[in-house]
Structure formats: C-alpha cells, structure tokens
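Asks: What follows is a structure written as structure tokens; I'll ask about it next.
We did not get these values from a lab; they are worked out from the coordinates using the rules stated. All values reported here derive from a predicted model rather than from experimental measurement. Cβ placement follows ideal geometry from the backbone for every residue including glycine, while neighbour counts extend to all protein chains displayed.
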Amino acid sequence: MENTKPQGKHHILIVDDEPGILNAVRRELSTPPFGGHQYEIEAFTNPQEALERAKVQEFEAVLSDYRMPEMSGLEFLQALAVIQPDCARIVLSGETDLDSLIRMINETHIYRFIPKPWSSYFLKSSLGQAVDLRWANLENRRLAKVLRENGIDLPPGALNEVDQILVVDDEVGVANAVARALTRPSRLDDVFREVREDVRHGNVPIINPGQISVQITNSPVHALKVADDVTFSCVIADYRMPDMDGARFLADFSEKQPDCACIMLSGEADMSSIVSALDSAHLSAFIAKPWSDFVLRAAVAQALTRRRLLLETRVLADMCRARHLGAVA
C-alpha cells in the first residue's frame, strides 16, 4: 500500500495582537522556497476569535504569540488543545519569561519556540516539520484503527513491558535521588488511581515501579555510549555538566534514539538552553531543581504514556501496511 501525503495547501492558524507581525509571517510563508509545503493561512489579532474559528475549521498547526492583552499564549494554547488536540503548537514570541516557557512545554507540549525576530529558514523548517509529524501520527492512528476494525490487535511482546529510564547528572547523589523518587511506590499514586476510577477518566498516567528500570550515570559521554546498546524509554538530564551541556547531550541522544522521551532536570538552565533542548530534542518536560517528587513522577509518567501510545500506533500501522489494508480510495 502506498503511503502518500495529502495534496493541497496546509491550513495554518496565526495569532498575534500586532497586525504587522501577522502580515510579516503571512508574507514569509507565502514566499519561495516553500520546502514542499504551501499554506492556507488564517490570521487573528484576537485569540478568542481564533478559538471560535477553530471550532469550525481544522488547522494543522498554529503559530501563536505569548504576550497578548486578551489572554496569554499559554491560556490560548490550552484552550485550543481542547478544541483541536492534534493541532501542532508553535510559539512565536519575543517577550516570554522563563516560567511561562516551562509551563508551555509541560502543559501544552509545544513543538517549537521561535524567538522574534525570527529566521526565515527556521520558521519555515519548523512549521514544515510540525505539519509532517502531525500527518504521520494521524495516518498511523488511522491505519491502527483499520487494523483493529479487522479484529487484529497488538501482538504480545511487540513492545517492551519494562521501560528503561536513564538519569544523567554529574552529581551522583542527585541521580540516585531521582532514581529513588521514580522506583519507590507513592501514596499519591493510589489517590490518583482512585480518582481515575471514580471519574472513569483514563488519561491520568501513573508510574508503576514494577514496570520501570532506572540506570544512572554522572557522565553524558558514557550515557551516549550506553545508548548504543540499550533502548531507553526516557532520559532525564541535568543542564550544567562538565563534559557537555544538557541541551547538546539531549540533542545527541535524540539522534541515537529519536523515540526516547527527553526531560531536562536543572536548577541552572536559562531560556536559551531550554529553547535549544526543545528545538533539537523535542523536550517532553522541564523540571526545576529542587524538584517535587510528585511533579517528577507525573512528568515521567506522562512522557512514558505518550511514547507508548505513539509506538503502539506505529506498530499497528506498519502491520496494517504489511497486510495492504487501509488504502485511501
């Protein structure tokens, strides 16, 4: 079965309270080179109007400012995610503070942060990659559904039952503390489990210590060597380390294992380092030191759950393609 991308223009939403920025981005995306993508753009200065439009028009990606008078970019993206959870989220802003950036990464899972003034190449390449990734995920989901409708589900052993987690911090005591926080059962897990059962809400991820294995190292160089032999589900790294900084490490690690969820745990990372990690390693979460065990466990549980769902869907989609099912007429 041929796996071809849909033809035509991609629908993009742009939200910024400055009309000049909207016009500049529109011109940028309408000017060659297109990189194989052409866009149908809708632009709004009012985020509330953009949300109303999103109720009737599906968008493949959104470019949103952060600091707007009606509502912040964080509030807008949170609301948009409820309406269109599959819309790829990119922030284009020049005034975001560190706390807001961290919240947008952790709470709305932005794909990229592009600072103003932007690079034309980076803007176009980031948007193109976001659109391609969204399409690939949706196509895999469609094919997985086709397979299940034919009575075929994921075979036993298709995915590892135990998630391997790697913790990298030049302070061994810190790495051990992270490992203990992840492997010791928490009373809060029982509370969340009861809440989930009461409301029948199945998307509250919880860590099961019996289904994870944690390795630690104080050397990012050693961690990269270990990655040649062990497949990890999640890597947690400090930013300031002697051999290389955490952003560079996570970028190198992500090249070796692109399916591994990347989390930065640091007390010294600044805006530029976090943005670098987000752009090069698709950062799943950022956790500040000193951390709360609850926040750490929740971030890791969510990252593992999202990763497993993506892998399950991909395996099923590949099985569907091998059986030549699900072709679009």
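Asks: Would you please report the Å³ per residue occupied by the convex hull of the alpha carbon atoms in the range 10-143?
Replies: Convex hull volume per residue, Cα atoms: 99 Å³.
Asks: Sequence-distant or interchain residues sharing an amide H contact under 5 Å with Ser213, placed H: which?
Replies: Under 5 Å from the amide H of Ser213 lie the amide H atoms of Asp163, Gln164, Ile165, each far enough along the sequence or on another chain.
Asks: Suppose every K and R has +1 on its Cβ and every D and E has -1 on its Cβ; what is the size of the dipole of the range 163-302 about the Cα centre, in Debye to the nearest 20?
Replies: That gives a dipole near 360 debye.
Asks: Total Lys pairs in the chain closer than 24 Å by alpha-carbon, pairs eight or more apart in sequence or interchain only?
Replies: 6
Asks: Round to the nearest 0.05 the FRET efficiency obtained for Val226 and Glu255 when R0 = 22 Å and r is the Cβ-Cβ distance.
Replies: Result of the calculation: an efficiency of 0.90.
Asks: Which one of Ala130, Ile12, Phe76 has its Cα pushed farthest toward the positive end of the charge dipole of the range 10-143, where Lys and Arg give +1 and Asp and Glu give -1 at the Cβ?
Replies: Projecting each Cα onto the dipole axis, the largest value belongs to Ala130.
Asks: Can you give the charge dipole size of the chain about its Cα centre, rounded to the nearest 20 debye, using +1 on the beta carbon of Lys and Arg and -1 on the beta carbon of Asp and Glu?
Replies: It comes to approximately 820 debye.
Asks: Moving on. Put +1 on the Cβ of each Lys and Arg and -1 on the Cβ of each Asp and Glu in the chain; which of Ser219, Pro156, Ser266 then has its Cα farthest toward the positive end of the dipole?
Replies: Pro156
Asks: Points 7 angstrom from Cα along the Cβ direction at Lys9 and Gln48: gap in nanometres?
Replies: 2.9 nm
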